[in-house]
Amino acid sequence: MLQPFGSIVHRLRTWGEALLDALLPPRARSARTKQRTICDIPLSPVTHELLGSRITALMDYRQPAVQDLIQALKYDRSDYAARLAAHVLADFLREEIHSRKIFSAQKIILAPIPLHSTRMRERGYNQITKVLEALPREFHDGSLTHVALNALVRTRATPRQTHLPRHERLSNVAGAFALHDQSHMVNAHIVLIDDVVTTGATLIHAKHVFRSTGLSVSLIALARA
């Protein structure tokens, strides 16, 4: 039986609206982020301890501008969001690294939390890698730090942390990381970087891989949930 033309039009309009609802939010948050400068991003670095590890988060994810920034970076592959996040990270790191260099001659290596190869194929990029690539030259050429984009590998796929209860997140990522190449890490201090920290489980388990080889590690997240 043929459906009335008006019913078909209504259904198509409903599908179209659903599609726009799915497509417009990413465009909207990226557009809002592109209108902002570093002065519009509220910074509130906070350090907390979890299981003997200190984690510093630079921004509060509950702030609308921060949420737009992180989501544009993570889901929209926004180069502008990556550059803006790199500016935030660079401003924080410069002061921290200069203070550290007063007391230590260790070279400093910046490393991102890796995605599993399956997730990389799905998404096509690692958002923290994009941020590190956008850092100024001094962070890449050794004058301030080095960047090791492939320092760690994710050895097994894990359910997304945001989909799990808080008490399951630590065990979810246990044993999920391994060193890829440590030949250039002799006498180095590692700064391990993630996008958003909730329980800190991912950063802590990734840190243990470096610590097992005797390396010292600092933990940083762009934002805290």
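Just to verify a result, which residue in segment 172-225, among those that are assigned to a loop (DSSP other than H, G, I, E, B) and of a type in the set (S, T, N, Q), is farthest from Leu115 (Cα to Cα)? Give the derivation first.
Keep residues of segment 172-225 that are assigned to a loop (DSSP other than H, G, I, E, B), which gives 173-176, 180-187, 198-200, 212-215, 225.
Now restrict to residues that are of a type in the set (S, T, N, Q): 182-183, 187, 198-199, 212-213.
Details: Gln182: 19, Ser183: 22, Asn187: 26, Thr198: 17, Thr199: 18, Ser212: 21, Thr213: 22 Å.
Here the residue is Asn187.
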From the options Ala134, Ala148, Ala85, residue that is of a type outside the set (S, T, N, Q), under 23 Å from Gly175 (Cβ atoms) and either out of contact with any Pro (no Cβ under 6 Å at 6 or more places or on another chain) or in contact (Cβ under 8 Å) with a residue 60 or more places away in the chain (or both): Ala148
So which residues in segment 52-82 are over 13 Å from the mean Cα position of the chain (by Cα) and part of a helix (DSSP H, G or I)? Pro64, Ala65, Asp68, Asp79, Tyr80
Suppose we keep only residues that are within 15 Å of the chain's Cα centre (by Cα) and of a type outside the set (Val, Ile, Thr) within segment 152-196. Which one would you say is modelled with the lowest pLDDT? Gln161
The one condition in (1) basic (Lys, Arg); (2) at pLDDT below 90; (3) surrounded by 15 or more Cβ atoms within 10 Å (Cβ to Cβ) that Lys107 fails to fulfil: (2)
So Ala85 clears everything in (1) outside any helix (DSSP H, G or I); (2) surrounded by 15 or more Cβ atoms within 10 Å (Cβ to Cβ) except one condition, right? Which one? (1)
When residues of segment 23-73 are limited to those that are polar (S, T, N, Q) and surrounded by 12 or more Cβ atoms within 10 Å (Cβ to Cβ), the one nearest to Leu93 (Cα to Cα): Thr56
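The values are calculated or read from the model by the stated rules, or taken from the named source; none is laboratory data. What you see is a predicted model; the values in this text were computed from it and never measured. Cβ: placed from backbone, ideal geometry, glycine included. Neighbour counts: every protein chain shown.
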